[in-house]
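Undergrad: Following this message is one structure expressed as structure tokens.
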Amino acid sequence: MRFLHFCLAAGMLCLSLGGTLDVQSQETLLLKALGLKARLSPKTLAPVPPLLWKMFQRRSKPGPAHADAKEVQRPCWVEEFQVPGNIIRVFPDQGHFIHSREPQSLLCLQKRLYFNLSALEEDEMLTMAQLEIRFSQNWYQAASPARPFELSLYKATQMALLGMSGHTHSRQMLLEQSFVHLHKSFVFDLTQVAKEWRIPARNLGLILEIGVPPLPEGEFCSGIDSFLEASLFVVSLAPSQCKTPRKRRSTYYVPRITSNVCKPRRLYISFSDVGWENWIIAPQGYLANYCLGECPFPLTEELNSTNHAILQTVVHSLDPEGTPQPCCVPVRLSPISILYYDNDDNVVLRHYEDMVVDECGCR
């Protein structure tokens, strides 16, 4: 068995596979530190939405080595949307088309949109929900820009009986909009609606309708449903994983050190080594590092020592048996982001503070 040493959250959780605990128990502790209850087992691997890839790459890109105070990242804050959050999910639409009895010249499309938000934990605070509706450019080429379409979005408040028309839904109007460019994306803020959906039995989904003014011909509606896609982009905040602000880390490689003085040492954690490659999309691993070494007397400025550590070292030099040396611990850490699939096959981008040891010191 390969022996791996994991240190997370400023050394608060240290695991050595092959130690006193069995591997399964240590994995459970490691997953708990990442805010997960168990190893994830996605059934299907859906494509990663381009926006989520872009956000991951932005967070993974190291900053300049001379980053100043303006480069400090706000913890648990999503810059792209200016809302608090450290977990970002994309929920696919699980609804179905409704066969309406309305004349096709009036109603081109009627669809129930449904997003299963059960993946959100109870302690997560939902801070943003954004609905995106996309149309293919091919449909725009067949439509006439002289005749605008009408989009109506309703919140379902009571489901229709089986076999009845979609209009028998009890529903509440959320918005109406006219448009002609069916190939572009439409984005709507559904934060308050999504918050209500977290209450048991309140999530009955949405009803989307797309119609046209009365026309003698109906070819403008033909095939519109085959070009429709919808998804819900949700940002949430897990308060227990919010830490103090950290500077954006620069490209930082810890040299291999033979000295016994307290310094960062290289530690690369590979997710494939622990069997997580089937649900973690990126990164494949990361340079976590760890702190190791002695805090000898006298302590120098390079060892990032506190006044207490300096005094403790002095006392240790006088009474080695009665007073231990200060400990070599992380004093500056930086975050990473992980892109993965959950058990509901949703793509999740999660930001973790204090995952990379950048500097060590004597404390």
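No lab work stands behind these numbers, since they all come straight from the coordinates. Everything numeric here is computed off the predicted structure, so don't read it as measured data. All Cβ positions, glycine included, derive from the backbone under ideal geometry; neighbour counts span all protein chains shown.
Undergrad: What net charge is computed for the residues neighbouring Ser231, neighbours being all others with C-beta under 13 Å from the C-beta of Ser231, Lys and Arg scored +1, Asp and Glu -1?
TA: That sum, taken over residues with Cβ under 13 Å, equals -2.
Undergrad: Related question: What FRET efficiency do you get for Glu321 and Leu31 if R0 is 25 Å and r is their Cβ-Cβ distance, rounded to the nearest 0.05?
TA: 0.05
Undergrad: For the range 311-363, what is the convex hull volume of the alpha-carbon atoms per residue, in Å³?
TA: 91 Å³
Undergrad: Give, in nm to one decimal, the length gained when the segment between Gln192 and Val314 is fully stretched (0.36 nm per residue of separation minus the Cα-Cα distance).
TA: Extra length from Gln192 to Val314 when fully extended: 38.0 nm.
Undergrad: Work through the residues other than Gln158 whose Cβ is under 12 Å from its Cβ and net out their charges, Lys, Arg +1 and Asp, Glu -1.
TA: That works out to +3.
Undergrad: Using the beta-carbon distance between Phe297 and Glu359 and R0 = 30 Å, what value does 1/(1 + (r/R0)^6) give for FRET efficiency, to the nearest 0.05?
TA: Efficiency for this residue pair is about 0.90.
Undergrad: Given Lys54/Lys195; Lys61/Lys263; Lys54/Lys263, which pairs have Cα atoms separated by over 31 Å?
TA: Lys54/Lys263
Undergrad: Multiply the residue gap between Asn343 and Val48 by 0.36 nm, knock off their C-alpha separation, and tell me the result in nm, one decimal place.
TA: Residue separation times 0.36 nm, minus the Cα-Cα distance, leaves 104.7 nm.
Undergrad: Ok, one more. Expected output is a single nm value to one decimal: the length gained when fully extending between Asn116 and His96, i.e. 0.36 nm times separation in residues minus the C-alpha distance. What is it?
TA: Using 0.36 nm per residue and subtracting the Cα-Cα distance, I get 5.8 nm.
Undergrad: Here's a follow-up. Which FRET efficiency value, to the nearest 0.05, is calculated for Val261 and Arg134 with the Förster distance at 51 angstrom and r the Cβ-Cβ distance?
TA: Plugging the Cβ-Cβ distance into 1/(1 + (r/R0)^6) gives 0.35.
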